[in-house]
Amino acid sequence: MTRRIPPLLVKAVGVVLTYAIVQVLIVTGVIDDYIVITIVTICINIILAVSLNLITGFTGQFSLGHAGFMAIGAYTTALLTMQFSTTWGFLGGLLLGGLIAAAVGLLIGLPTLRLRGDYLAIATLGMAQIIQALFLNLGFTNGAAGLSGIPQFVNWTWIFVFTAGAVILISNFIRSVPGRGLIAVREDEIAAASIGVNAVWAKTSAFVIGAFFGGLAGGLYSSYFYFIQPTLFGFQNSVNILIIVVLGGLGSISGSVIAAILLSLLSTALQPFPELQMVIYGLVLVVIMVFRPQGLMGDRELTMNALKRLVPKKAQEARP
C-alpha cells in the first residue's frame, strides 16, 4: 500500500524545482539573454491574463481596460525607481503602482459596474484611452517620448516570485467564500443575491484585485525593459490580454497560464517573419476557436487527477 503524497506538497516541490532548474540554466549560460526576455514576457503575460480572468472569466465582467492599469503600474514604478534607484524603491514602486491602479479601478468600477456586456467593455475601453491620453500629455511622464533609462531590478528571481505569488493568491481567493460569490454572480446575479451574495461588492472586489495585479505586471515590465511610452499600453495590448484569457478558457487559471506560454512562444517564433506574423497568429486563433470555442481548458483546472489521466493505466499499475 503506497502512501499518498499531499497535492499541496507536490505543487510546492514543483514550484521550487521550476525556479531552481531555470536559475541553474541561466547561471550556466544555457539560457541566454534572448531566452530570458521571452521568459520574462511569458511571466508578465501570465500575471495580466490571470488578473483579467478574475474579472472577465470568474465574475463575468467584459473588460477592455486592462492595459490602462498596466500603464499606471509601469509609470509609477518607473518614476519611483528613477528617483530612488534602490531595491526598496523598486519594491515600493511596484506596491504603489498596484495600489494606484486598484484605486483607479475602484473609482471607475463603482459607476461602470452597473453596466453589462458590451456597454461595460466600451466604458472600460474609454477608461484605458483616458489613461493613455493623460500619460501622453503630462509633463512628468515625458509625453509621447516616454521614459528611458529606467533602473533594471527585475531578474528571474523577482519575476518568478511575483508571477507565482500572483497565481497562488488569485487561485486561493477564487477558492475562498468571497471567490465563490464571484462565480455565483457570474452564473446568476439574482440567484446569488437571494443567498446573500452582495453582487456590487463582488464585482467591485474583482475589479480592484484585477487592477492591482495589472498594475503590478506593468511595474515589472517597466523595470525589466527600462523603456516605456504610452503607445505600448493602447487598445491592442488590452485585446492581446483578452485573447490569452479567451484562448485559455474563461474561468480557468490553468488555462490562462498555458495560453500565455503558448501565445508568447508563438509570437517569439514568428518574429523573423513580420509580414506573416499576424496572419499566422490570427489563423491559429481562428482554428482553435472553431474546434475548441470554450478555450483550451474551458472552465476546468489542471489538477493532479487530470495529470494522472494522461499517464497510461498500465504504467500506473506498475508503480510499487
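The values are calculated or read from the model by the stated rules, or taken from the named source; none is laboratory data. It should be emphasised that the depicted structure is a prediction, and the values quoted were computed from it without experimental measurement. FYI the Cβ positions are ideal-geometry reconstructions off the backbone, even for glycines, and counts take in every protein chain you see.
Just one of (1) at pLDDT below 90; (2) not in a helix (DSSP H, G or I) fails for Ile122. It is (2).
Inspect the stretch 223-231 for any residue being among the aliphatic types (A, V, I, L, M) and touching a residue at least 12 places away in the same chain (Cβ under 8 Å) and give the result as yes or no. Taking every residue of the stretch 223-231 in turn, at least one turns out to be among the aliphatic types (A, V, I, L, M) and touching a residue at least 12 places away in the same chain (Cβ under 8 Å).
Could you list all residues from the stretch 149-188 that are polar (S, T, N, Q) and surrounded by fewer than 13 Cβ atoms within 10 Å (Cβ to Cβ)?
Taking the stretch 149-188 first, the residues polar (S, T, N, Q) are 152, 155, 157, 163, 171-172, 176.
Scanning the stretch 149-188 gives Thr157, Asn172, Ser176.
Is one or more of the residues making up the stretch 189-205 charged (D, E, K, R), within 20 Å of Ile55 (Cα to Cα) and either surrounded by 21 or more Cβ atoms within 10 Å (Cβ to Cβ) or not assigned by TED's automatic domain parsing to the domain that holds Leu120 (or both)? Outline the logic, then answer.
As a first pass, look at the stretch 189-205 and keep what is charged (D, E, K, R): 189, 203.
If we keep only those that are within 20 Å of Ile55 (Cα to Cα) as well, we get 189, 203.
So of that shortlist, the ones also either surrounded by 21 or more Cβ atoms within 10 Å (Cβ to Cβ) or not assigned by TED's automatic domain parsing to the domain that holds Leu120 (or both) come out as 203.
The answer is yes; a qualifying residue exists.
The criterion of at least 1 residues that are within 16 Å of the chain's Cα centre (by Cα) and among the hydrophobic types (A, V, I, L, M, F, W, C) is met, among helices (runs of 4 or more DSSP H) falling completely within the stretch 154-273, by 156-175, 199-225, 235-248, 253-269.
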